[in-house]
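The values are calculated or read from the model by the stated rules, or taken from the named source; none is laboratory data. Predicted, not measured: the structure shown is a model, and the values here were computed from it. FYI the Cβ positions are ideal-geometry reconstructions off the backbone, even for glycines, and counts take in every protein chain you see.
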Amino acid sequence: MLTLFMSSAPRNPTRAVRIGRTHIGGGHPIAVQSMCATHTSDVDATVLQCEQLRQAGASVVRVAVDNQKDVEGLAEIRKQTTANLVVDIQENFPLVEKVAPHVDKIRYNPGHLHHLQKSRPIAEKVRWIAGVAREHGVALRVGVNCGSVAPDFLEKFPDQPDAIVESALWHCDLLDKAGFQDYCVSLKDSDPWKVVDVNRRFAEKRPDVPLHLGVTEAGLPPDGVIKTRIAFEQLVSRGIGDTIRVSLTVPNEAKAAEIAAGNQILDDIEHGRFRSVPDFGKGLNIISCPSCSRVENEAFVNLATQVKDLTRYAAQHRITIAVMGCRVNGPGETDDADLGLWCGPSTVNLKRKSQVVGTFDYDVVLARLRTELDQLIAAQR
Ligand code: SF4
């Protein structure tokens, strides 16, 4: 790996936001966090993973909540772990009211607020979320994701990075006007250079807002760590970033690897050990989600590994393949990839960009992927 030495700039003057017993921003040490991949309704397994992550050094542990069973699990998990808990809400935003009594922070995705209660204006939904958060002393994260940018912003700003930044800024404005200050923002993409670009642009306009950094669907180690490092080195050394997550596709029991990787990257940056490879990602690029409780088939992690092994022969080709664990983010987040796979309970959906190729059993999808990849390579010649 190439070692570059860069001096670090002072941290951005973000305001401090309390998350349970810890703080982010306001000069506090950069907090490293991770997410449970267990089913939230499985209380024992989730408590165990929360504790493992907390003991590994996670300042904040995220769990996913999609339904009433998860909410009931969460209430019990809260009693059994001392981890600072953040809940990830995607389409089912009305659940905010039910989860707020049991958590320290709630992440909502601006790109998913339009799905339910369609006639209710987004601004009103955000004011309502802020009101619930205030009532329960809970922090918020505005979590903007490349694969699920709000459609009205994509219409207004055809350049996706512009849409990501403007969407985040608009939500900050809404929260400010609602008199709610306990929030941070994340702007994530699977391309580390895009992560650098959108976070730098956001931080220039809102240096006061704490930033949660991450490269989404970074993939399997070591590539996932390298992609994340590229972004973090560029941002943290410029004083940007108050909390981080390294999203890795690893088996459930190995989730603490995300904390170890995050601590290692921060330690290296602090000591001037910059290791990014500028050319990394110019050949075959496999992106895969880190998995979470929404995974419907445990074969997902194995599939991601098989895809990586199968496609080694295409290493020199500039092709992106995305492997995603579920139907919540799978369909949207595979749109930009040349080839995308997203996993259902018993089948895998294969796509060429946004076009559906078909749905295949887990044991036959790889052969079809190979055919599609061969065609792409032939078309590049
Ligand atoms: S794609 Fe689905 S399974 Fe993977 S991390 Fe995102 S929500 Fe979880």
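Output the residues belonging to the range 330-347 that are part of a loop (DSSP other than H, G, I, E, B), within 12 Å of the ligand (Cβ to nearest atom) and within 18 Å of the chain's Cα centre (by Cα).
Within the range 330-347, Thr334 is the sole residue that qualifies.
Please find, among Asp267, Asp197, Asp223, the residue that is within 19 Å of Ser148 (Cβ to Cβ), away from the ligand (no atom under 16 Å from the Cβ), surrounded by fewer than 24 Cβ atoms within 10 Å (Cβ to Cβ) and not aromatic (Phe, Trp, Tyr).
On the way: Asp267 fails: within 19 Å of Ser148 (Cβ to Cβ); Asp223 fails: within 19 Å of Ser148 (Cβ to Cβ).
That would be Asp197, the only listed residue that is within 19 Å of Ser148 (Cβ to Cβ), away from the ligand (no atom under 16 Å from the Cβ), surrounded by fewer than 24 Cβ atoms within 10 Å (Cβ to Cβ) and not aromatic (Phe, Trp, Tyr).
Check the range 37-50 and report whether any residue there is free of Cβ contacts under 8 Å to residues at least 24 places away in the same chain and closer than 16 Å to Leu140 by Cβ. Even if it seems obvious, please write down each step before you answer.
In the first step, residues of the range 37-50 are kept if they are free of Cβ contacts under 8 Å to residues at least 24 places away in the same chain; the result is 44-45, 48.
Adding the requirement that they be closer than 16 Å to Leu140 by Cβ leaves none.
Checking the range 37-50: not a single residue is free of Cβ contacts under 8 Å to residues at least 24 places away in the same chain and closer than 16 Å to Leu140 by Cβ.
When the range 234-253 is examined, which residues are found to be of a type outside the set (S, T, N, Q), closer than 25 Å to Arg273 by Cβ and either at pLDDT below 95 or not in a helix (DSSP H, G or I) (or both)?
If the condition is that a residue be of a type outside the set (S, T, N, Q), closer than 25 Å to Arg273 by Cβ and either at pLDDT below 95 or not in a helix (DSSP H, G or I) (or both), then Arg238, Gly239, Ile240, Gly241, Asp242, Ile244, Arg245, Val246, Leu248, Val250 are the ones that fit.
So if I check each of Ile77, Ile129, Ile89, which one is in contact with a Cys (Cβ under 7 Å, 6 or more places away or on another chain) and without any contact (Cβ under 8 Å) to a residue 40 or more places away in the chain?
From the options Ile77, Ile129, Ile89, the qualifying one is Ile77.
Can you tell which of Ala168, Ala163 is in contact with a strand residue (DSSP E or B) (Cβ under 6 Å, 6 or more places away or on another chain), at pLDDT 95 or above and outside any loop (DSSP other than H, G, I, E, B)?
Ala168
So which residues in the range 36-63 are surrounded by fewer than 24 Cβ atoms within 10 Å (Cβ to Cβ) and either assigned to a helix (DSSP H, G or I) or among the aliphatic types (A, V, I, L, M) (or both), if there are any at all?
Once the filter is applied, which keeps residues that are surrounded by fewer than 24 Cβ atoms within 10 Å (Cβ to Cβ) and either assigned to a helix (DSSP H, G or I) or among the aliphatic types (A, V, I, L, M) (or both), the range 36-63 yields Val43, Asp44, Ala45, Val47, Leu48, Glu51, Gln52, Arg54, Gln55, Ala56.
Look through the range 292-307, keep the residues that are within 16 Å of the ligand (Cβ to nearest atom) and more than 24 Å from Leu53 (Cα to Cα), and return whichever of them is surrounded by the most Cβ atoms within 10 Å (Cβ to Cβ). Working first, answer last.
The initial filter retains those residues of the range 292-307 that are within 16 Å of the ligand (Cβ to nearest atom), namely 292-305, 307.
So of that shortlist, the ones also more than 24 Å from Leu53 (Cα to Cα) come out as 303, 307.
Working: Leu303: 21, Val307: 23.
That would be Val307.
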